[in-house]
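K.L.:
This is the structure I want to talk about, given as structure tokens.
The values are calculated or read from the model by the stated rules, or taken from the named source; none is laboratory data. Remember, it's a predicted structure, so these values are computed and weren't measured experimentally. Cβ coordinates were reconstructed from backbone atoms using ideal geometry, including for glycine residues, and neighbour counts include every protein chain displayed.
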Amino acid sequence: MSFRYVSNNGDTIEFGGDSAFYADSDAFRTYDTDYTLVHNAVARFNRKAASHELPITIFADTETQGAALLDRLQQAFDHDVRAHKAGRFEIDEYYAHAYVPTFKFACGDSHGLYEIEVKAKVLFPNPVWILESRKSFNPSDGGDTSRGLNYPYNFPFNFKAGVSIRQITNPLSWPCAVRIVIYGEAHNPYIYIGDNRYEVDVDVPDGGTLTIDGLDKSQIVLRDQYGNATNVFDRRISGAQGSGTYVFEPIPSGVNAVTWDGSFPFDVVLCGERSWAPCTT
Amino acid sequence: MYDLIYTDAELVEQGVLDGYALTMTFGDVDNTFDCVFGSASAPPLTGGCMLYAEDTEYGGIVRGKSTSTQDGTTTFSGSTWHGVINEHVLCPPSGQTHLKLRGDAHAALRTAIAACGLDSVFRVASGDSGIQVSADIRFIPAYDAIVAMLAKARAKLIIKWKRDHAELSVVAAVNHDSMNSDNANFTITEGYRPPNHILLLGTGEMLDRITSELFIGEDGSVTRTKYYTGIDEVMAKFEDTNAQLEELEEKGTEKLIEMQDVNEIDVSSELVNDYDVGDYVTATNLDAGQSATAAVTSKTVTLIDGEPTFSCEIGSASALFELNTGKDV
């Protein structure tokens, strides 16, 4: 089991193992979903921000080292609050975005600076734990590849040069968000996952990428081969959720066919959301 | 769950907003929105930027901005699509007393939108609606006039944002009758004795003034014969200083009919998601044995990071009344 905090200042604080920092991830294994009742019937569930207290212990060989470790931990948390950019708590493969706005040095419980007790209050603005799983799709990989008129299904690109068919499985019993990274060169690339068409009408240059991120809908990012980013949100094809052309459409539970014209490689990253990070042995 | 998309001032879509609380009201009183962000994460919205959820009527144009040092928030305020239409006043064509809208509702709507100069952003759905309307409009805010015109035909205006324009269409109003005390919390206010005798005052002065009167009969229809008398008689006055007798009685009839709509239903419920301004709602309090029907006059939508809640003002349609005030402005 691993447990860590990844700060936007570039530091990663490991809790447990050989680390000088120790904290128990079970502190986060609780959730409380708000709900609205109308006459004893649940009208809706409302996911609200959550905060949890996280006791942290720092073990040091010297008081000088203890002071340095304490300072490092405080800076990792403080940076993200000051930058107004959430850091990440990670439990095994799961992560959740969070701030640590309260950081209390528990003098009474500390043994000088050799063994320091800190009580941190962790704020999860959106208390969900995410497991990402990436699958790459390349034109040259195996799977069914059909050409031209022989294509046996009634997809709308029957008469194009060809189509590649693969599968992706969402193991959860509910839909999950998806991030799609398309690698250039690609012209007006589109992909079908299940019945939904994900399309952005841009030219992705050789060495460039196009990223559609269902967890960050604030933009759709086109990068050229030099890493220069452009927001191409306005070039997506139109459609609200469930319309069949929604560019951020979540992936349904179970096995989903992935089809495209086979002219470019891409990654599909499933972002499965859980209300807590599952326990592992 | 809705994606609230925003554009820059050149109307180029920028992305989906996050970390906001949007309150949007439209109908007979208010057609505005407020969208609140934490100041540290507020998007770069300026006047003329649009906010909208695709394929819904939830959207509008940013008209103002305020910031608070007390709670660290930035609020963008603006006009909903309904409000944008209502920022234009429908005027009579040159040399005419009224803008006369007759025929299919879609054709009437096209005329009204064109008169406002809004046809680049607001486009009426192709084809006919199959609903006939008739309205004489004189210096009335356009959305109010359209809603009133459609209410007379028991129809409603549908607005849906379609990528780069708002699509307008007209459909028949719906009577939603599934609301009861088992599935919603509401307060019914039922009126037992609305006005049943209206005095009509038209053009002219003193003895030359054109006057008339109309009544509600036993069966609830408008009549020239008094039915309710004594303590059961409730009188009201309607004045249009420009109206000749025929027009005065026509408007007086509309006014008296409208005055019969005295029921109100105060509700905030998931059920009202599907209710549109112009629809009718029948709510039944099964415990109290009370039921009432009233028109939806205003709807408020609150979106917090895409999660909607809805509430409606139901009762006492006043848009029709605005059409009939007939003041010479």
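K.L.:
Might you let me know whether region A:161-171 holds any residue that is at pLDDT below 50, crowded, with 16+ Cβ neighbours inside 10 Å and over 31 Å from the mean Cα position of the chain (by Cα)?
P.N.:
no
K.L.:
Collect the residues in region A:21-52 that are of a type outside the set (D, E, K, R), in a strand (DSSP E or B) and within 14 Å of chain B (Cβ to nearest Cβ), keeping them in residue-number order.
P.N.:
Residues satisfying the conditions are A:Y35, A:T36, A:L37, A:V38, A:A41, A:V42, A:A43, A:F45, A:N46.
K.L.:
Being within 14 Å of chain A (Cβ to nearest Cβ) and either touching a strand residue (DSSP E or B) at 6+ places or on another chain (Cβ under 9 Å) or not hydrophobic (A, V, I, L, M, F, W, C) (or both) narrows it down to one residue among B:T46, B:T7; which is it?
P.N.:
Answer to the check: B:T7.
K.L.:
Kindly indicate whether any position in region A:33-44 is under 22 Å from the mean Cα position of the chain (by Cα), more than 14 Å from A:E115 (Cα to Cα) and of a type in the set (F, W, Y).
P.N.:
no
K.L.:
Look at region A:227-280 and say how many of its residues are of a type in the set (K, R) and either crowded, with 17+ Cβ neighbours inside 10 Å or within 12 Å of another protein chain (Cβ to nearest Cβ) (or both).
P.N.:
Matching residues across region A:227-280 total 2.
K.L.:
In region B:167-247, which strands (runs of 3 or more DSSP E) lie fully inside it and hold 3 or more residues that are more than 25 Å from B:V133 (Cβ to Cβ) and more than 14 Å from every other protein chain (Cβ to nearest Cβ)?
P.N.:
Ranges flagged: B:186-189, B:197-201, B:211-216, B:235-239.
K.L.:
Out of all the residues in region B:1-43, which are among the β-branched types (V, I, T), within 26 Å of the chain's Cα centre (by Cα) and surrounded by 21 or more Cβ atoms within 10 Å (Cβ to Cβ)?
P.N.:
Of everything in region B:1-43, just one residue is among the β-branched types (V, I, T), within 26 Å of the chain's Cα centre (by Cα) and surrounded by 21 or more Cβ atoms within 10 Å (Cβ to Cβ), namely B:I5.
K.L.:
Suppose the filter is in contact with a strand residue (DSSP E or B) (Cβ under 8 Å, 6 or more places away or on another chain), more than 30 Å from B:H165 (Cα to Cα) and among the hydroxyl-bearing types (S, T, Y); does A:T259 pass it?
P.N.:
Yes, satisfied.
K.L.:
State yes or no: is A:R29 touching a Cys at 6+ places or on another chain (Cβ under 9 Å) and touching a residue at least 12 places away in the same chain (Cβ under 8 Å)?
P.N.:
When the stated conditions are applied, A:R29 passes them.
K.L.:
Name every residue in region B:18-36 that is within 12 Å of another protein chain (Cβ to nearest Cβ) and either within 13 Å of B:T74 (Cα to Cα) or at pLDDT 95 or above (or both), in order of residue number.
P.N.:
Of everything in region B:18-36, those that are within 12 Å of another protein chain (Cβ to nearest Cβ) and either within 13 Å of B:T74 (Cα to Cα) or at pLDDT 95 or above (or both) turn out to be B:G19, B:Y20.
K.L.:
Taking B:D55, is it within 11 Å of chain A (Cβ to nearest Cβ), charged (D, E, K, R) and closer than 22 Å to A:P125 by Cα?
P.N.:
No.
K.L.:
Report those strands (runs of 3 or more DSSP E) wholly inside region B:257-315 carrying at least 2 residues which are at pLDDT 85 or above, within 30 Å of A:K217 (Cβ to Cβ) and within 14 Å of chain A (Cβ to nearest Cβ).
P.N.:
B:290-304, B:307-315
K.L.:
Could you tell me how many of the residues in region B:128-140 are in contact with a strand residue (DSSP E or B) (Cβ under 6 Å, 6 or more places away or on another chain) and either under 15 Å from B:T297 (Cβ atoms) or aliphatic (A, V, I, L, M) (or both)?
P.N.:
So the count comes out to 4.
K.L.:
Does B:S120 count as among the small types (G, A, S) and either within 14 Å of chain A (Cβ to nearest Cβ) or under 19 Å from the mean Cα position of the chain (by Cα) (or both)?
P.N.:
Spelling it out, it is not the case that B:S120 is among the small types (G, A, S) and either within 14 Å of chain A (Cβ to nearest Cβ) or under 19 Å from the mean Cα position of the chain (by Cα) (or both).
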